[in-house]
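Peer 1: Okay, handing you the structure first.
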């Protein structure tokens, strides 16, 4: 059973905060001529969109299943995490592109306004992080939202430090340098999230689960003679499914219930698998541990 999400209210407050931060920093960045501040504003605006997507996804995940969505809407959170990660990577690339163009011709920065706006953004971002911190490991969706806000805090702090250094030493090129660093940080921090969400969307084995280990456990289970056609995948961060062909002795259906019920519980306790589906067989078919898809139009298939 999927746990009830508790992140909706903190997400809602964070959405409001990020919308206000983005507008404030964008206006401040334009007036102060600070690319670092504008970069931070763009990232905060992406957070506004990303957190809105996360909020909708958190609500949709608990909609009931129906005839068209037999598993419900569990995958919505993964789609939200994927969109967030892609948005972060693209924003990081854009910021670096703009910063590199400024390296050759640094522009004058109005430091006082830059520091003031960055400080406001830093405070609001810290508040958002504190709101989401208790829920950061609730799901991949929550993790992606928290990651957005953590990078915002680091960026705002970096912008403040940069403004102070420009004020003291007059090195206006630091505005472009810190923007490049922000872009690299955004890309690096979002890459693992992108890979994990892609793995789930492409039906990869869940993170932390070894397919062979699960197969060996099932094969050695009392009453089980063999296993094949084994597949394990994730519907969401906290919902893992399994399907397998299980070879047992030829017996009445009522006799297999004890095996499958006990195996169901053990798979849940040991591997966190929530939804196992077994096809019982007395005579094993000739298949490897993990079945391979065969081309329906292959010559061998047509000959048969």
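Peer 1: All but one of (1) closer than 21 Å to residue 187 by Cα; (2) within 14 Å of the chain's Cα centre (by Cα) hold for residue 101; state the number of the condition that does not hold.
Peer 2: (2)
Peer 1: Somewhere in segment 166-182, is a residue without any contact (Cβ under 8 Å) to a residue 12 or more places away in the chain and closer than 27 Å to residue 195 by Cα?
Peer 2: No, there is no match, as no residue in segment 166-182 is without any contact (Cβ under 8 Å) to a residue 12 or more places away in the chain and closer than 27 Å to residue 195 by Cα.
Peer 1: How many of the residues in segment 34-68 are at pLDDT 75 or above and outside any helix (DSSP H, G or I)?
Peer 2: Qualifying residue count, segment 34-68: 2.
Peer 1: Here are some conditions: (1) at pLDDT 85 or above; (2) touching a helix residue (DSSP H, G or I) at 6+ places or on another chain (Cβ under 9 Å). Residue 212 meets all but one. Which one does it not meet?
Peer 2: (2)
Peer 1: Quick check, is residue 166 in a helix (DSSP H, G or I) and out of contact with any helix residue (DSSP H, G or I) (no Cβ under 6 Å at 6 or more places or on another chain)?
Peer 2: Judged against the criteria, residue 166 is not a match.
Peer 1: So which residues in segment 121-154 are without any contact (Cβ under 8 Å) to a residue 12 or more places away in the chain and either touching a strand residue (DSSP E or B) at 6+ places or on another chain (Cβ under 9 Å) or under 16 Å from residue 236 (Cα atoms) (or both), if there are any at all?
Peer 2: Result: 136, 137.
Peer 1: I'd like to check something: does segment 239-252 contain any residue that is modelled with pLDDT under 85, within 23 Å of residue 197 (Cα to Cα) and surrounded by 19 or more Cβ atoms within 10 Å (Cβ to Cβ)?
Peer 2: Yes, some residue in segment 239-252 is modelled with pLDDT under 85, within 23 Å of residue 197 (Cα to Cα) and surrounded by 19 or more Cβ atoms within 10 Å (Cβ to Cβ).
The values are calculated or read from the model by the stated rules, or taken from the named source; none is laboratory data. All figures in this text were calculated on a predicted structure; none of them were measured in a lab. Positions of Cβ are backbone-derived with ideal geometry, glycine not excepted, and every protein chain shown enters the neighbour counts.
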